[in-house]
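Encoded as structure tokens, the structure appears first; notes follow it.
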Amino acid sequence: MNIKEIILEQKENHDSFYLYDERRIIACTDALKQNFPDISFLYSMKCNSNPHVVKSIFSQGFGADAASLGEVIAAEESGLPKDHIYYSAPGKSAKDIRQALPHCTIIADSIHEIGRIQKAAEELNTCVHIGVRVNPEFSFYGESGHCSKFGIDEAQVFDFLSGNDCGRVKITGIHVHLKSQELNAEVLANYYRNIFALAEKFQDACGFELEYINLGSGIGIPYSASDSPFNLEALARQTKDLLRQFRLTNPHTKIMIETGRYVVGKNGIYVTKVMDRKESYGKTYLILKNTLNGFIRPSLAKLVKSYSPDQNPQPTEPLFTCEDAFEILTLKDEKSPKEKVTLTGNLCTAADVIAEDITLARLQEGDVVILTNAGSYAAVLSPFQFSSQERPAEIFVTEDGGILS
Ligand SMILES: *Cc1c(COP(=O)(O)O)cnc(C)c1O
């Protein structure tokens, strides 16, 4: 079955649904693995935690970048061993730490948290190796660093290393993540260069070879038609050179890149049905099922744009990338009659507008509207609880064409 046939079949049972394509997801994991043979990958589960998606990506050899205790547990239940699960997030509670410790590697996000990990290790009568998320003295674009709620300032990390007997806790890895959705490979290569330099400095201070360095995310995807795709080969070439240099003194350190949107962002679509159509003062409205509360990013993009004085408002990842961050498609053919319509959702708020006065094939009740780029930060971000609406379904098309839901 092709995608159109699958949509036609699924719309008989669902008024709104996500459709994820495993074949395309695996093409993306393959592209990463082939371009970076010496690097390990983590999947950032928060971008799409659908169990079929998660399992599929883990089966491609990816570990887990877990952002909560819930994700640590989900990763373990999906079959990942402890040393492939990394738990990095601000504000972990003592309970989060206690329950996560036996199942993953914890990346401490503050000096206080290191104290809480120490306490948990005492309670469990164990010694633990942890990583620290460093807020470095460089920015993503290579300027000086700045304040952040994430991680521990580089200077504080080095103070800590020199002044503390860590007791039951040993810091054996570092994690740096400063930005998502970058499309310039050169910027990312320079950022990696700075992290390798930081790692060398860290090793000098602690006197042993680090177990791992997590270079964070950053690899972006083209959302808008005017975006050029990320040049993975260019980043791979430069990273290989950096690694060759780094390996001279650090033969064993595991190097990791974590990514969410690169592997799933473009490999999911959102399908929503026309529930009603109406004319008001000469304007045509299509009322769709579950927009703001099913796939929030299009409505948010419209809101951000309408409140911003800028022509192109700054992205606020992962909630908003740009106004034209998805295409709006139908199943009608090229020649079918067109009309000017405004697309809204079925909630009792005027804020769930996806598009205003656009030209679209003429649709009737029961026809579908398709939104692209709905694989990441889509289902997971939706306020499903608002007005107790039915949730969109999530359909996973397996590599061999099977349908899982
Ligand atoms: C969300 C997040 C990611 C994933 O970002 P993508 O742009 O989806 O690749 C990676 N690392 C950290 C620390 C994150 O918070």
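Going by how many other beta carbons lie within 10 Å of each one, how would you line up S228, S68, fewest first?
Values: S228 8, S68 16.
Ranking S228, S68 by Cβ neighbours within 10 Å, fewest first, gives S228, S68.
Contact order for the stretch 261-405, expressed relative to its length and based on alpha carbon pairs under 8 Å spaced 6+ residues apart, stands at 35 percent. Summary of packing: across the peptides 27-38, 185-196, 377-388, the per-residue average of other C-beta atoms within 10 Å ranks them, highest first, as 185-196, 377-388, 27-38.
With contacts taken as Cα pairs under 8 Å at a separation of at least 6 residues, the chain carries a relative contact order of 20 percent. In order along the stretch 342-351, the phi-based Karplus estimate (6.51 cos²θ - 1.76 cosθ + 1.60, θ = phi - 60°) of 3J(HN,Hα) comes to 10, 9, 10, x, 9, 7, 8, 8, 7, 7 Hz; Gly and Pro are listed as x.
So what's the back-of-envelope 222 nm ellipticity for the chain, counting only DSSP H runs of four-plus at -39500 (n - 2.57) apiece and dividing by all residues, rounded to 500? Please report the intermediate quantities before stating the final value.
Working: 11 runs with 125 residues, N = 405.
For the chain, the value works out to -9500 deg cm²/dmol.
Could you tell me which of the pairs K149/K170; K55/K119; K305/K332; K33/K302 are separated by over 26 angstrom between their Cα atoms in the structure shown? Show your work: numbers first, answer last.
Values: K149/K170 23 Å; K55/K119 33 Å; K305/K332 29 Å; K33/K302 36 Å.
From the list (K149/K170; K55/K119; K305/K332; K33/K302), the Cα-Cα distance tops 26 Å for K55/K119; K305/K332; K33/K302.
Shape class for the stretch 1-94: oblate, because the ratio a/c of the largest to smallest gyration tensor axis (alpha-carbon atoms, square roots of eigenvalues) is 1.5 or more and b/c is at least a/b. The phi torsions of the stretch 28-35, fed into the Karplus equation with coefficients 6.51, -1.76 and 1.60 and a -60° offset, translate into couplings of 6, 5, 4, 4, 5, 5, 5, 7 Hz, rounded to whole numbers, with Gly and Pro shown as x.
Expressed as a whole number of Å, what is the distance separating the alpha-carbon centroids of the stretch 96-159 and the stretch 214-232? With the stretch 214-232 and the stretch 96-159 each reduced to a Cα centre, they are spaced 28 Å. Taking a virtual spin label 7 Å from the Cα of K283 along the C-beta vector, which residues in the stretch 338-366 bring their backbone nitrogen under 13 Å of it? Of the residues in the stretch 338-366, 341-345, 350-358 have backbone N under 13 Å from the label point off K283.
Its relative contact order, with pairs defined as Cα atoms under 8 Å and 6+ residues apart, puts the stretch 15-150 at 15 percent. Ranked by the mean number of other Cβ atoms within 10 Å of their residues, highest first, the peptides 176-182, 74-80, 105-111 fall in the order 105-111, 176-182, 74-80.
Laboratory data are not the source of any read-out in this text; all were calculated from the coordinates shown. Predicted model only: the values in this text are computed from it and were never measured. For neighbour counting, all protein chains shown are included, and Cβ atoms are generated from backbone atoms with ideal geometry for every residue, glycine included.
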